[in-house]
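Structure, as C-alpha cells:
The values are calculated or read from the model by the stated rules, or taken from the named source; none is laboratory data. Everything quoted here is computed from the prediction, not taken from an experiment. With ideal geometry, Cβ positions are generated from the backbone for all residues, glycine too; neighbour counts draw on all protein chains shown.
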Amino acid sequence: MIFAFLVLIAAVAQLLGAQQSSSTPSASAHDATVPGPVHSNITYGMAGGETLLLDIFEPANNSGKSRPAVVLVHGGGWTNFDKSTMRALAQFLALAGFVAVPVDYRLFHDDATRWPAQLDDVQRAVRWLRANSAKYNVDADHIGAYGHSAGAQIATLLGMMETHDNSDPALAKYSSKVQAVVDASGPTDFANGKDNDAKQFLASFLGADFATHPELWRDASPVFHVAKSNAPILIIHGTRDDMVPISQAEELNDALVKAGATVQFLRLDSDHMFFEPAVHRRLALETQAFFNRYLSPTHQ
C-alpha cells in the first residue's frame, strides 16, 4: 500500500533508534579514527513560535580547514521523530571527514504546520549553515543532503528547488540548494497513490484534496521537479519496502535518466527501514562514497 508508513510510524520509532545506534559501520581506515567537536541544539531560526534546532558534528582536527557538509533530514511521516535518529549516521560521516548536520523541522499537527513548513525550515537550515560556514569550517559551496523516508522527500527537493520562502533579509543572499542528495526510502509522487488513508492524511497535510488542487500535490512531489540541472542524486530503496513501494523510486529514477540528470539507483534486498546490519552497513558506505565523489571540492 502506497505511503502506508503514515499509519505505521509509531510502531517503528523505537526500532529505528536501536538500529541506527547499533549497526552504522566505522569509517574506513584511512579516515579519522577519533570524533571531533559536537555542537548540540544550536538555534538556526524561529518559525510559528517554535525554536528550530540543529546539531553539528565536526571531523577531528577540523580547525582552519573547510570541509564539505551533509544536512541529515529525519523521517517520521512529517509528524514524528527528531534529529536524534540521525546521530549515528552523523557520527559516521564526521569520522569520514564531513561536517554532519542533523536538523529538526516543524512537525505537522495543525493548519499552521502543514506543508511546505517542513521544506521552508530545512531550506533555512541550509542557508543558515552557509551563513555560518566560517565558524564551523564548512565549505559553503559543497553541501549535500541525506534523508530517510519523509525526510528523503524533503532532502530530494533541496537538490531540485531554490528557496521557497526568502523573506528573511539576513539569509536572502544564501542559496538553499544543495550539491548532492541521498534519497533513502523516499516517497516521490504523491499524486500516484491509491491508499485511502494516505490520501486523507495528505489532503490535510498539503491543505487540499487532489481533485480540488492537484498542483499542491505535484509541487510537493520530487518527480515533478525533475530537470537536468538537479543535483546528483543517489536513490536507495528496499525491494521489499511495503511502506513506500519501490515503484516510487523507479519512477523518480526513470524521470531523472530521461531528463539527463546525474542519478544512481541502488536496490537493496530489504524493507523500508534497512534493519539488517549488512544492508545498513552497505547503505552507509554507499552514502559516504557518493558524497566523497560529488562533494569533493575538485568535482565540477
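The table that follows gives values for the structure above.
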| read-out | value |
| --- | --- |
| All strands (runs of 3 or more DSSP E) inside region 56-152 with 3 or more residues being in contact with a Gly (Cβ under 8 Å, 6 or more places away or on another chain) | 67-73, 138-148 |
| Members of region 77-134 that are of a type in the set (Phe, Trp, Tyr) and either closer than 30 Å to residue 64 by Cα or without any contact (Cβ under 8 Å) to a residue 60 or more places away in the chain (or both) | 92, 98, 105, 128 |
| Lone unmet requirement of (1) modelled with pLDDT of 50 or more; (2) over 21 Å from the mean Cα position of the chain (by Cα); (3) small (Gly, Ala, Ser); (4) on the phi < 0 side of the Ramachandran plot for residue 32 | (1) |
| Unique match (being farther than 16 Å from residue 149 by Cα, surrounded by fewer than 16 Cβ atoms within 10 Å (Cβ to Cβ), small (Gly, Ala, Ser) and over 18 Å from the mean Cα position of the chain (by Cα)) among 296, 247 | 296 |
| Residue that is surrounded by the fewest Cβ atoms within 10 Å (Cβ to Cβ), among those in region 86-134 that are among the small types (Gly, Ala, Ser) and in contact with a Pro (Cβ under 6 Å, 6 or more places away or on another chain) | 97 |
| Matching residues, region 243-280, being over 20 Å from residue 230 (Cβ atoms), in a loop (DSSP other than H, G, I, E, B) and of a type outside the set (A, V, I, L, M) | 245, 269, 270, 271, 272, 274, 275, 276 |
| Residue among 175, 167, 204, 185 that alone is at positive phi and either in contact (Cβ under 8 Å) with a residue 60 or more places away in the chain or surrounded by fewer than 18 Cβ atoms within 10 Å (Cβ to Cβ) (or both) | 185 |
| Close pairs from region 63-75: first at positive phi, partner surrounded by fewer than 24 Cβ atoms within 10 Å (Cβ to Cβ) and part of a strand (DSSP E or B), Cβ under 8 Å, at least 6 apart | none |
